[in-house]
Structures are given as structure tokens and as C-alpha cells.
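Peer 1: To start, I am sharing the structure in question, which I have written as C-alpha cells.
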Amino acid sequence: MKASLLSKEEISTLSQELPGWTVVGNKIQRKFKFKDFVEAFGFMTRVAMIAERINHHPEWSNVYALVKIDLTTHDLGGLSNIDLMFAKEINKL
């Protein structure tokens, strides 16, 4: 899939399409809370497998049971259809 920037209109409707995600600047962000580090790390492993499959990698951090994910398309300088698709795949987990 070729990446293309989302329009302002598409970005304005992201909260309806992506439950739990928030637009922060030119990124979308979501925080996930797990019962412990092992559960959080397992989730990150599943996300990493998706990232490799679609060749699009998140900015993320993990502190014990909390995982924060930011998605943006650096090559295009903003949010793209790839970020939207990736976030939908993460939400399925």
C-alpha cells in the first residue's frame, strides 16, 4: 500500500474511526495499560510483528505495564493512510 497524507477532514474524524486514539500534533497516540510487564511486553511483540509485516514502525515507550504508541509517517511529514490502517490493526489486538 502506498502511503498518502490524510486530509484535514479525515484527521478530524479519526476519533470516531479509532476508539482510544488521540491526535497530538502530526501524530496519533494511544496509551495501553496492562496488568504487568510481561503482558505489556507480549502486546508490544504482537505490535512489532504487524509493524514488520507492513514495514511501518511506531514511536513507542514502555514503563512496566504501560505502553504508549505514537504513529506518524515521517517520510510524508504527518498522518497517513498507513498510520490509520496500523492503528486499526493495533486496536484489534
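The values are calculated or read from the model by the stated rules, or taken from the named source; none is laboratory data. Keep in mind it's a predicted model, so treat the numbers as computed, not measured. Neighbour counts run over all protein chains shown; Cβ positions are idealised from the backbone, glycine included. In case anyone asks, the SASA skips ligands and DNA or RNA and just uses the protein heavy atoms, side chains included. Shrake-Rupley method; radii C 1.70, N 1.55, O 1.52, S 1.80 Å.
This table checks each residue for (1) closer than 25 Å to Asp75 by Cβ; (2) outside any loop (DSSP other than H, G, I, E, B); (3) β-branched (Val, Ile, Thr).
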position	(1), (2), (3)
Phe32	no, yes, no
Met49	yes, yes, no
His56	yes, no, no
Trp60	yes, yes, no
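Peer 1: Still on this structure: Please go through (1) open to solvent by 10 Å² or more (accessible area, probe 1.4 Å); (2) part of a strand (DSSP E or B); (3) in contact (Cβ under 8 Å) with a residue 12 or more places away in the chain for Ile82 and return the number of the only condition it doesn't satisfy.
Peer 2: (2)
Peer 1: Which of the residues that make up the stretch 43-69 are under 13 Å from the mean Cα position of the chain (by Cα) and open to solvent by less than 20 Å² (accessible area, probe 1.4 Å)?
Peer 2: Phe43, Val47, Ile50, Ala51, Val67, Ile69
Peer 1: Let me ask something additional. I want to confirm something. Restricting to the stretch 70-93 and keeping residues that are of a type in the set (A, V, I, L, M, F, W, C) and closer than 18 Å to Arg53 by Cβ, which single residue is farthest from the chain's Cα centre (by Cα)?
Peer 2: Looking at the filtered set, the residue picked out is Leu93.
Peer 1: Does the stretch 7-26 include one or more residues that are polar (S, T, N, Q), surrounded by 14 or more Cβ atoms within 10 Å (Cβ to Cβ) and part of a strand (DSSP E or B)?
Peer 2: No, the stretch 7-26 contains no residue that is polar (S, T, N, Q), surrounded by 14 or more Cβ atoms within 10 Å (Cβ to Cβ) and part of a strand (DSSP E or B).
Peer 1: Also, quick follow-up: Check the stretch 50-58 and report whether any residue there is closer than 12 Å to Lys27 by Cα and in contact (Cβ under 8 Å) with a residue 12 or more places away in the chain.
Peer 2: Yes.
Peer 1: Based on this model, can you work out whether Phe32 counts as more than 13 Å from the chain's Cα centre (by Cα) and either of a type outside the set (Ser, Thr, Tyr) or open to solvent by 50 Å² or more (accessible area, probe 1.4 Å) (or both)? Even if it seems obvious, please write down each step before you answer.
Peer 2: Working: more than 13 Å from the chain's Cα centre (by Cα): no; either of a type outside the set (Ser, Thr, Tyr) or open to solvent by 50 Å² or more (accessible area, probe 1.4 Å) (or both): yes.
Answer is no for this residue.
Peer 1: So which residues in the stretch 15-27 are farther than 14 Å from Thr73 by Cα, in contact with a Ser or Thr (Cβ under 9 Å, 6 or more places away or on another chain) and touching a residue at least 12 places away in the same chain (Cβ under 8 Å)?
Peer 2: Kept after step one, since they are farther than 14 Å from Thr73 by Cα, are these residues of the stretch 15-27: 15-22.
Within this subset, residues satisfying the condition of being in contact with a Ser or Thr (Cβ under 9 Å, 6 or more places away or on another chain) are 15, 21-22.
Residue satisfying the conditions is Trp21 alone.
Peer 1: Output the number of the condition that Thr72 fails; it satisfies all remaining conditions of (1) in contact with a helix residue (DSSP H, G or I) (Cβ under 7 Å, 6 or more places away or on another chain); (2) of a type in the set (Val, Ile, Thr); (3) surrounded by fewer than 15 Cβ atoms within 10 Å (Cβ to Cβ).
Peer 2: Evaluating Thr72 over (1) in contact with a helix residue (DSSP H, G or I) (Cβ under 7 Å, 6 or more places away or on another chain); (2) of a type in the set (Val, Ile, Thr); (3) surrounded by fewer than 15 Cβ atoms within 10 Å (Cβ to Cβ) leaves (3) as the failure.
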